[in-house]
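In what follows, a single structure is set out as structure tokens and then discussed.
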């Protein structure tokens, strides 16, 4: 005669299924938070890059000769511009952070001293998934 109720085997299967569902939900939630954080950082890095590009355009419009003097014809010059100034003619050091998380650099190349400069603004950040960057490139000309 068969007794009613559940066997130990059925109980183990039920625990396994519930555990698998919970692990999947936690994994999905963790990935969702990670993707959201990445999107926020990417957006903020883009804003920092855009702000630096606008600053560079203003520097160009103020005085072309002074602007061009920050580069070298045909050679990439790198500046750490976390503070939007020309004082750091080098890549940013590890401890130099913008808003505690980002590093912002410009690669400055004079193509033609009288008419054209190529600029590339890079904003970097690091998270548990590695190092990421937002990049904006432009050719600035002596339009005046």
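What follows is calculated from the coordinates using simple rules that are stated; it is not laboratory data. Being a predicted model, the structure only gives us computed values, none of them experimental. So basically every Cβ, Gly included, is an ideal-geometry build from the backbone, and we count neighbours across all protein chains shown.
Evaluate Rg over Rh across the chain, taking Cα atoms for both radii and Kirkwood's formula for Rh. Checking Rg against Rh, the ratio lands at 1.42.
For residue 43 and residue 118, what does the FRET efficiency come to when R0 = 35 Å and r is the distance between their Cβ atoms, rounded to the nearest 0.05? Show your work: numbers first, answer last.
Values: r = 25 Å, r/R0 = 0.72.
In this case the efficiency is close to 0.90.
Seen against the Cα atoms of the chain and their longest principal axis, helix 8-62 is set at about 10 degrees. Within the range 1-76, the proportion of C-alpha pairs whose separation exceeds 21 Å stands at 66%.
Rank the residues 144, 51 as a footprinting-exposure proxy: fewest other Cβ atoms within 10 Å of their Cβ go first. Numbers along the way, then the final one.
Values: 144 7, 51 16.
The most exposed by this proxy come first: 144, 51.
Distance between the pseudo-spin-label points of residue 6 and residue 33 (7 Å out from Cα toward the beta carbon): 3.0 nm.
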